[in-house]
1. Over 26 Å from the mean Cα position of the chain (by Cα), surrounded by fewer than 14 Cβ atoms within 10 Å (Cβ to Cβ) and part of a loop (DSSP other than H, G, I, E, B): is that true of GLU178 in this structure?
2. Can you tell me which residue among GLU123, GLU173 is farther than 27 Å from LEU221 by Cβ and open to solvent by 70 Å² or more (accessible area, probe 1.4 Å)?
3. Quick check: is even one residue across region 126-133 farther than 22 Å from PRO233 by Cβ, of a type in the set (Ser, Thr, Tyr), out of contact with any strand residue (DSSP E or B) (no Cβ under 7 Å at 6 or more places or on another chain) and modelled with pLDDT under 85?
4. Write out, first by first residue and then by second, each pair whose Cβ atoms fall under 7 Å of each other, whose residues are 6+ apart or on separate chains, and whose first residue, in region 60-81, is of a type in the set (Asp, Glu) while the second is assigned to a helix (DSSP H, G or I).
5. Which is surrounded by fewer than 22 Cβ atoms within 10 Å (Cβ to Cβ), part of a loop (DSSP other than H, G, I, E, B) and modelled with pLDDT of 80 or more, of ILE228, ILE154, ILE232, ILE190?
6. Every residue in region 188-206 that is touching a helix residue (DSSP H, G or I) at 6+ places or on another chain (Cβ under 7 Å) and of a type outside the set (Gly, Ala, Ser), please.
7. Which residue, of VAL78, VAL29, is surrounded by 13 or more Cβ atoms within 10 Å (Cβ to Cβ), within 29 Å of the chain's Cα centre (by Cα) and closer than 20 Å to SER222 by Cβ?
Amino acid sequence: MKTKVKSPLQKKIEKLIANRLAIMGFLLVLIILLACIAAPIITDFDPREIDYGAILQAPSKEHIMGTDKLGRDVFSRVLYGGRTSIYIGVAASLSGALLGLVMGALAGYFGGRIDSLFTRLSEIMLTFPNMILILVLTAIIGRGVGVLIFIYAITGWMTPYRMIRSSFLSLREETYVEVARSFGFSDARIIFNHILPNTLSPLMVTATTNVATYILNEAGLSFIGVGIPIQIPTWGSIMNAAKSIDVVTSYWWLWLFPGVILSLFVLAVNFLGDGLRDAFDPKQ
């Protein structure tokens, strides 16, 4: 009997499945994500509905995570806030990765002035502390979900750019690229059909871990009051109430539950990212 030869992709998937932390992270991310998506089914409370008759109630059968200073249900705010926070993290990570991918592919393949221009631009961007740059741009452009995603994209493309550029600089000299040129294939076809698929594994890993980074950044900005407008529930804006010492000491449910959910989601994304890196990164 012939032994079935496993493809490289099958081996990578099996390696990923064998990583218990990565699978645990994936399941936890999936559970939290599905709970946030199904928020209208899970809870009947409107996250923005003010109820002055239920102000600062401790967790109970009716409000399983208690209520805040305006009587809003914390559980519903955590679920709906998770929608916004996760959306920001995923959209910003994909936007930054796409921008870095296109610029890195062009710079690495063509070289010359394009490479010099993009590389100098990335070096200039990297000289500024990332959080300071985000705060400055937020003050100039304004606040909002779309604005924050845009800011994260234009401040987070440098790492994906350097990864893709480095891969293209080495792969453009490979034999199969020379053969493709000899057949008269266009540069666009060579870049996107022949070279790019061989560079996506490390980019996928970076994009995954960046989701957790952007969610934490959003939470930090909202916590200090310069991120998403406070009327839009996010994990960071929910925890904004914990800035006062009386909330920390007397109304623990206002910061404990959103803090735990945020920490678990970020930890799970990092576990999943580490597993993807171990399985798909060719340098491992």
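1. No: the conditions fail for GLU178.
2. GLU173
3. At the first step, the residues of region 126-133 found to be farther than 22 Å from PRO233 by Cβ are 126-133.
Retained after the next criterion (residues that are of a type in the set (Ser, Thr, Tyr)): 127.
Keeping just the survivors that are out of contact with any strand residue (DSSP E or B) (no Cβ under 7 Å at 6 or more places or on another chain) gives 127.
So of that shortlist, the ones also modelled with pLDDT under 85 come out as 127.
For region 126-133, residues farther than 22 Å from PRO233 by Cβ, of a type in the set (Ser, Thr, Tyr), out of contact with any strand residue (DSSP E or B) (no Cβ under 7 Å at 6 or more places or on another chain) and modelled with pLDDT under 85: present.
4. Close Cβ pairs (under 7 Å, with a partner that is assigned to a helix (DSSP H, G or I)) amount to ASP68/VAL74; ASP68/ALA241; ASP68/LEU254.
5. Answer to the selection: ILE232.
6. ILE190, ILE191, HIS194, ILE195, LEU196, ASN198, THR199, PRO202, LEU203, MET204, VAL205, THR206
7. VAL78
A quick yes/no check of all residues on (1) open to solvent by 30 Å² or more (accessible area, probe 1.4 Å); (2) at pLDDT 85 or above:
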residue	(1), (2)
ALA212	no, yes
LEU216	yes, yes
ASN240	no, no
VAL248	yes, no
TRP253	no, yes
ILE261	yes, yes
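The values are calculated or read from the model by the stated rules, or taken from the named source; none is laboratory data. These numbers were taken from a predicted model, which means no experiment stands behind them. Cβ: placed from backbone, ideal geometry, glycine included. Neighbour counts: every protein chain shown. Keep in mind that these areas ignore ligands, DNA and RNA; they rest on the heavy atoms of the full protein, side chains included. Shrake-Rupley method; radii C 1.70, N 1.55, O 1.52, S 1.80 Å.
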